[in-house]
Amino acid sequence: MPDKAELLLGCAPITEKSGIDRAMRVAIQRARHGKKAATFGHQQAFDAAIAKLVRAIPVDAQIAEWFVNENLIPVVRHGWKKIVRNPVVIAIATALLVIGGVVAYRVHEHLKDFPGADKARRLLTVGASNRSVLLDPLQTDAGALSDLFFMKHRLEHYDVPQEFAEFKTLGTRVFDDDEVRRVAQIWIKEKRMQFFLFPAEPDKQGKINDFSDWRFVELEGWTGAVTQRNGVCFMAAIRGGEKDLQGYLEKKKQ
Amino acid sequence: MAVTTKNLPQLYRFCFLMTGDAAKAQAAFQDTVREAATRSEGDEPPPDRLWFFRDARWRCVALGEQGIQAEPGMLEEVEISATAPRQIEQLEPAQLALWVSAAPEPQRSALALFYLDEFSLAELLSLLEMKAGELSELICSGRRQFQSWLDSTIAYYEGETFDAGQG
């Protein structure tokens, strides 16, 4: 029974081709330099002669016309409907829509931004992570703390707006933040609300433009209503949405 | 690999070897190319190079079954001769095609595809749906049978060839 190498030699390629596997190459090399070199040589010459004869098969003129026509086998053109239905295209389109939505949301959010919005968001994270034990216990009206901040900490215009002046406090503290600088934090009994007072951020021209309306910032489930007076920002922060704060702001207007 | 019109002459030669008849080869060739064109226009994936030969093979086999067929039987086998290339030089392509087309399947397809010298071993095995050992046996016995036929058709004596009168 012939071994594997002999079987491979039986169908050895007539001419050298790329991609001949290693077993075949080894079998050919051994055959060319072994005892069966003459037999293998005869086989190769035999195969080459037949292949030459095959190449000499004339192609009928009528058939040859087919070879000239380049459009004989049309190139497949995918219609737009087929492309749209392709799952890969659907997945990419969905991903792009989601990314586009996120980008649009971020852009829209920043369009509403005011100088100091980043500082306000940073303080929302402080509010979310703090516990009341960090504060100095102090039970009074929030509006009464302006004097304390001025007298004890020399913080001028750190005033709690009228809307929130009557809220009862649990405690307060003043601390320095690397980005926000001097911050006054007040803990309120009402719905665990927190107030922050911090220096306003100048705009691109270096001017500080106060605003008396309420502007909102949101971060990780917390919302802050910010107003700016006398170069100092006041933020009322609450766990929840804008609606939860709107109630307090409208109540005061009435 | 994409199929262009450059590959088509080999496809025609394959059809000619398989059928041994120019008209049948032309019919098989044209039907295959038309089928490929239809597939390309439809929703099916574009045919590759091997598809053309696979499709043409079965068309040629079907055409071969329509006409007069060679009687099945054991052909004489002799070892390949050193003078075989010179004997083969005396042949016309049509004689070779007649001999190949008379071989039984799958030997006919194996010989036709192998001597096109177009495909790698892996491609041949894929086209013929057989193992290397089977292909080797078919090719080797084909060589010996062809040598026997050559000897009976074209004898060779010390540099001169003589038609044995059976071509």
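The values are calculated or read from the model by the stated rules, or taken from the named source; none is laboratory data. Model, not experiment: these values are computed from the prediction. Cβ atoms come from the backbone with ideal geometry, glycine included; neighbour counts cover every protein chain shown. The protein model used for the area step is the full one, side chains on, heavy atoms only, and it has no ligands, DNA or RNA in it. Shrake-Rupley method; radii C 1.70, N 1.55, O 1.52, S 1.80 Å.
Tabulated data for the structure shown
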quantity: Cα-based radius of gyration of region A:88-163 once divided by 2.2 N^0.38 Å, which approximates compact folds; calculated: 1.84
quantity: Cα→Cβ-extended label distance, 7 Å offset, between A:E166 and A:H33, nm; calculated: 10.6 nm
quantity: Sum of side-chain charges, A:A51 neighbourhood, beta-carbon under 11 Å (Lys, Arg +1; Asp, Glu -1); calculated: 0
quantity: Longest to shortest principal axis, alpha-carbon extents of region B:8-64, angstrom; calculated: 34, 16, 15
quantity: Residues of region B:102-125 with amide N under 14 Å of the 7 Å Cα→Cβ point at A:R55; calculated: B:115-119
quantity: Nearest-10 value in Å² for the accessible area of B:R144, using the 1.4 Å probe; calculated: 70 Å²
quantity: Average projection area in nm² (convex hull over Cα atoms of region A:4-66, one quarter of hull surface); calculated: 5.6 nm²
quantity: Probe 1.4 Å - accessible area at B:E65, Å² to nearest ten; calculated: 120 Å²
quantity: Entries in A:K17/B:K24; A:K119/A:K189; A:K168/A:K191; A:K4/A:K35; A:K191/A:K243; A:K4/B:K131 that, when Cα-Cα distance is taken, lie over 19 Å; calculated: A:K17/B:K24; A:K119/A:K189
quantity: Long-range HN-HN contacts of A:D177 with modeled amide H, under 5 Å; calculated: A:R182, A:V183
quantity: FRET efficiency estimate (nearest 0.05) - Cβ-Cβ, A:I90 to A:T125, R0 30 angstrom; calculated: 0.20
quantity: Accessible-area ranking of A:D178, B:D117, largest first, probe 1.4 Å; calculated: A:D178, B:D117
quantity: Solvent exposure ordering (accessible area, 1.4 Å, most first) of A:F175, A:F150; calculated: A:F150, A:F175
quantity: Rg to Rh quotient for chain A, alpha carbon positions, Kirkwood Rh; calculated: 1.59
quantity: The protein assembly as shown, accessible surface, carbon-and-sulfur percent (1.4 angstrom probe); calculated: 53 percent
quantity: Value in Å of the Kirkwood radius, where region A:108-245 supplies the Cα pairs that are averaged; calculated: 14.9 Å
quantity: Heavy atoms of A:I90 accessible to a 1.4 Å probe, total area in Å² rounded to 10; calculated: 90 Å²
quantity: Rg(Cα)/(2.2 N^0.38 Å) for region B:84-166, N = residue count; calculated: 1.19
quantity: Residue-normalised accessible area of the protein assembly as shown, expressed per residue, 1.4 Å probe, Å²; calculated: 57 Å²
quantity: Chain pair A, B: total accessible area buried, heavy atoms, 1.4 Å probe, Å²; calculated: 3800 Å²
quantity: Chain A - percent relative contact order, Cα under 8 Å, separation 6 or more; calculated: 12 percent
quantity: Solvent exposure ordering (accessible area, 1.4 Å, most first) of A:V84, A:V59; calculated: A:V84, A:V59
quantity: Shape box of region A:169-254 [Cα atoms, principal axes, largest first, Å]; calculated: 36, 28, 25
quantity: Complex-versus-alone comparison for region B:103-148, residues with a loss of 30 Å² or more in accessible area, probe 1.4 Å; calculated: B:F114, B:Y115, B:D117, B:L121, B:S136, B:R143
